[in-house]
Amino acid sequence: MRLNSLKSLFQPSQQSADSPASEDPSHYRRYFLTSILLVIALVTFILFIFINWALGKISLVYFDMFASSLITVALYFLWVKKNVEVASCISSLIVFLFLLAFSYINQSESFSLAWTFCFPLFVIPLLGLKRGCLVIALFYTLLTPMVYWGIGKWDYGQWDQVSFLRFILITSIIIFIAYFYESTSQKAFKAIAINRKIEKRYMRELETHSYTDPLTQLYNRRYFEDQFEVEYNKIDRYKNSFCLIMVDIDHFKLINDEKGHQVGDLLLQEFSALLTTNTRSSDILCRWGGEEFMLLLPNSDRQKALAIAEKLRENTRLEVFSCNVKMTISLGLIEVSNTELRKRSIMNRVDQALYQAKSTGRNKVVVASL
């Protein structure tokens, strides 16, 4: 339990799939980099409080205490408020002040200026290219005159113009490396984000194609069978009933042969639109195959389903489709209110009801017997 609590501190807040942070890996990199930097800095400054106190450097003790307080505030914003922006700004400020103070106090003694080389490597990833470069410019605007005035004075006079030029050269190289790395990383992150969006779009399209009929844009048989399973399993739990209506366009093969397959496809599309218009939004419409369609009506009894079926039948009979084609439909209906019948038996009975409607004159609704 404690381990999970500790892990949660080093994890950024959960983002939704479509939020910018979730598509930008630099958000997580900044979070972890800020967390690690603050923890290391907090431990270091706490140790220096005791060390400088023992050495009698009271001014440094006050500075270490001030820095520790800032770090604590930054960790609060980072771990509690989950605000990476504020925490990264405070972290950069701490490093900014510490390195300036450290360079001023220690000058070039024991290669103390070498610590300033780390500043661009931290600040640019934490603040980004634009703000990071501005802070770096301000930092070296303050540091460079200090280093220049130390020529002939620092390191017992060993700090000379050559040392100063080496410092400027190395600093420039490190700034360039940090800038180049961050700029290429941002380009890579943007490319990754674009690829993720494309992948999501393709996945949605693929998912849509997996359960829709490409011609009519109704659900396909696979999706219908899944939903039938869901409604069937609800019967015992919720004591609900649902109805199935199987629809067949009368003499469609003859129409298809006379008018051609292009007209036949157009008629199927128009009939699908008619089905959608004359059913409820909660009803599941499926192209079962060829000119056969299946309707699943959740939370419906026989009377409601029969009213919908008759409405479909009558509106189809009155409709004038493309090429002045008139069509009728035959329908089989069954109400499912218990699980005594197997799913296969239910499908067989609604199919038999449709067959009876077709064999007894078509253009009618037949309710399956239970």
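The values are calculated or read from the model by the stated rules, or taken from the named source; none is laboratory data. From a predicted model like this one, the values you see are computed outputs, not experimental measurements. A quick note on method: Cβ atoms are made from the backbone with ideal geometry, for glycine too, and the neighbour counts reach across all protein chains shown.
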By residue number, the members of region 73-129 that are among the β-branched types (Val, Ile, Thr) and under 16 Å from Leu143 (Cα atoms) are Ile94, Val95, Ile105, Thr116, Val123
Does Glu270 satisfy the condition of being surrounded by fewer than 21 Cβ atoms within 10 Å (Cβ to Cβ), assigned by TED's automatic domain parsing to the domain that holds Glu229, closer than 17 Å to Ile245 by Cβ and at pLDDT 95 or above?
-> no
Only one of Phe180, Phe122, Phe189 is assigned to a helix (DSSP H, G or I), among the hydrophobic types (A, V, I, L, M, F, W, C) and buried (at least 17 other Cβ atoms within 10 Å of the Cβ), namely Phe122
Among Leu78, Leu129, the single one that is touching a residue at least 24 places away in the same chain (Cβ under 8 Å) and touching an Asp or Glu at 6+ places or on another chain (Cβ under 7 Å) is Leu129
If we keep only residues of region 40-68 that are assigned to a helix (DSSP H, G or I) and either loosely packed, with under 12 Cβ neighbours inside 10 Å or not assigned by TED's automatic domain parsing to the domain that holds Ile90 (or both), then the residue modelled with the lowest pLDDT is Ser59
